[in-house]
Amino acid sequence: MNRIIYKLNKPNITYFSLFDIPVKYTLNIKELEYTYKEFQKIIHPDKYQEPSVKIQSEVITRQINEAYSILKDDKKRAKYMLDIKGVKDISSDIPLEDIFELNEKLENNEIDEPYINNKIKEIKINLSTSFENEDLLKAKKYFSLLSYYENIQKKFI
């Protein structure tokens with residue numbers, strides 16, 4: 001537990017460094033999950049009896065749970081990466097005419113769920129490439145597109 005406390009107390013700790021993984025959009029989720037479970041074995045509050053240690057463990061567990069929740073989710077991870085890279089304004093960059101055109105196609109049943117799913121995969125690839133190239137303007141654009149298409153995807157569920 002001391003190693004985890006040490007990491008959490010370091011200045012400018014990121015969720016990526018907490019899990020000892022590179023700051024990349026494309027992650028090995030199985031590796032992330034394995035590390036998360038290893039952390040839980042060490043710091044889970046049920047392992048400790050002394051009240052002060054138990055409370056400290058609860059605080060650390062919440063921090064690790066939050067980090068894991070963000071890193072395992074593609075959209076949350078993208079937003080977090082933009083944030084730690086200094087992009088605070090993540091308002092939509094999608095032109096209104098594109099939104100209107102897509103909504104019209106949806107209303108006319110010209111677009112189906114497989115199309116949306118493929119579009120989301122394509123956007124995630126472009127998002128990953130944008131982060132790899134440190135092109136934060138494109139990453140922000142693809143983040144907006146990902147959010148928009150994931151909202152459309154919910155309409156099919």
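Where a number appears in this text, it was derived from the coordinates with a stated rule and is not lab data. Being a predicted model, the structure only gives us computed values, none of them experimental. Glycine also receives a Cβ, built like all others from the backbone with ideal geometry; neighbour counts cover every protein chain displayed.
What the table shows:
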item	result
Mean separation of Cα contacts under 8 Å (6+ apart) over length of the chain, as relative contact order %	23
Lysine pairs within the stretch 96-156, Cα separation less than 20 Å, 8 or more sequence positions apart or different chains	19
Helix-only mean residue ellipticity at 222 nm for the chain, each DSSP H run of n ≥ 4 adding -39500 (n - 2.57), per residue, nearest 500	-23500 deg cm²/dmol
For the chain, the Rg and Dmax computed from alpha carbons only, in angstrom	19.2, 63
Around PHE143: net Lys/Arg minus Asp/Glu count, Cβ-Cβ under 9 Å	+3
Protection-proxy order for peptides 104-113, 145-154, each taking the mean of Cβ atoms within 10 Å per residue, highest first	145-154, 104-113
For peptides 83-90, 69-76, sequence by mean Cβ density within 10 Å, most packed first	69-76, 83-90
